[in-house]
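Asker: One structure coming up, written as structure tokens, with questions to follow.
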Amino acid sequence: MKIADIMTRGVISLSPEDSVRKAAERMLRYDVSGFPVLDHGKLVGMITQGDFLRRAETGTEQQSSGWGEFFGSPSGLAAKYTHTHARRVGEVMTRDVVTVAEDATLDEAVELMERHHVRRLPVVKNGVMTGILSRVDLLHAFIAGSPQEPEPPLSAADIEKRLQTELGQHPWLPRGSVHAVIDNGVVTLTGIIGDDRQRTALHVAIENIPGVTEIRDNMVGAGG
């Protein structure tokens with residue numbers, strides 16, 4: 001699945017000359033947490049709800065102490081003042097915007113979101129913004145990729161085959177330390193498991209095998 005398949009098109013944007021009040025009103029009206037900022041069609045920034053955390057209007061701006069003013073750089077203090085008191089979007093917005101290409105994969109987009117701690121990515125093609133990818137769009141992708149009906153149960157032999165694959169392919173599972181016996185859809189586990197996180201992950205892997213009806217866990221922790 002590519003970004004172009006699930007991104008939101010026809011995105012509402014703001015101008016650098018718009019007021020920050022207008023930005024806040026639009027966030028409330030359209031129930032979104034941020035907008036791209038375009039200057040004559042060119043993406044120049046993003047403004048989000050995070051830009052309103054510290055504002056003079058709400059009394060949440062960071063007050064500079066005497067020592068803070070002494071040790072802080074004048075430029076840094078000036079930037080903080082601008083962000084908490086500015087009236088125009090262009091003075092508050094984030095200018096270094098992380099973008100993603102239309103033909104990028106969802107995995108590439110999610111990696112960018114995680115690395116840069118952002119909730120949305122403007123989507124570009126040939127330098128022009130064509131849409132936006134948000135976490136809501138990823139929810140739509142999840143629904144589209146989730147089967148509405150469960151897979152038909154596997155035969156006992158196929159369950160055995162799938163289970164052996166699961167036991168052998170995951171790096172978080174100690175090799176050869178867990179053994180499974182299958183009887184009429186019931187999987188009985190014995191052996192040694194590292195900790196409860198590994199135990200839970202193994203249960204999830206087995207529960208996802210069609211035809212498994214029950215897990216009987218007789219494993220012991222590595223600590224005894």
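Asker: Taking only Cα atoms of segment 91-189, what ratio of Rg to Rh do you get with Rh as the Kirkwood inverse-distance radius? Before the final figure, lay out the partial values.
Answerer: Values: Rg = 21.3 Å, Rh = 17.7 Å.
Across segment 91-189, the Cα-based Rg/Rh ratio is 1.20.
Asker: With runs of 4+ DSSP H residues as the only contributors, calculate the mean residue ellipticity of the chain at 222 nm using -39,500 (n - 2.57) per run, divided by the residue total and rounded to the nearest 500.
Answerer: -11000 deg cm²/dmol
Asker: Based on the Cβ-Cβ distance of ALA24 and HIS117, what FRET efficiency does E = 1/(1 + (r/R0)^6) give at R0 = 25 Å, to the nearest 0.05?
Answerer: After rounding to 0.05, the efficiency reads 0.70.
Asker: Moving on to the next point. Just round it to a whole percent: the fraction of Cα-Cα distances in segment 156-221 exceeding 19 Å.
Answerer: Tail fraction, whole percent: 20.
Asker: Right, another one. So, R0 is 25 Å and r is the distance between the beta-carbons of SER75 and ARG54; what FRET efficiency does that work out to, to 0.05?
Answerer: In this case the efficiency is close to 0.90.
Asker: Sticking with this one: Specify which residue in the list VAL98, VAL212, ILE182 is farthest towards the positive end of the charge dipole of segment 83-224, using unit charges on the beta carbon of Lys, Arg (+1) and Asp, Glu (-1), about the Cα centre.
Answerer: VAL98
Asker: Let me ask you something else. Which residues' amide hydrogens lie under 5 Å from the amide hydrogen of GLY211, considering only partners 5 or more residues apart or on another chain, with H built in the peptide plane?
Answerer: Correct list: LEU154.
Asker: Loop only by DSSP, 14 or fewer other Cβ within 10 Å of the Cβ. Give me the trypsin sites (Lys or Arg not before Pro) in segment 130-184 that pass, ordered by residue number.
Answerer: Values: sites: ARG135, LYS161, ARG162, ARG175; in loops: ARG175.
Hits after loop and neighbour filter: ARG175.
Asker: Tally the DSSP beta bridges in the chain and give the antiparallel ones as a percent, rounded to 5.
Answerer: 70 percent
Asker: Return the Rg/Rh value of the chain, two decimal places, where both radii are evaluated on C-alpha atoms and Rh is the Kirkwood radius.
Answerer: Reported Rg/Rh (Cα atoms, Kirkwood Rh): 1.17.
Asker: For segment 1-35, which trypsin sites (Lys or Arg not before Pro) are in a loop by DSSP, counting at most 14 other Cβ atoms within 10 Å?
Answerer: Within segment 1-35, the qualifying trypsin sites (Lys or Arg not before Pro) (loop, at most 14 other Cβ atoms within 10 Å) are ARG9.
The numbers here are math on the coordinates, done by the rules we state, and not lab data. Note that the structure is predicted; figures quoted are calculated from it, not measured. Cβ sites come from the backbone with ideal geometry, for glycine too, and all protein chains shown count toward neighbours.
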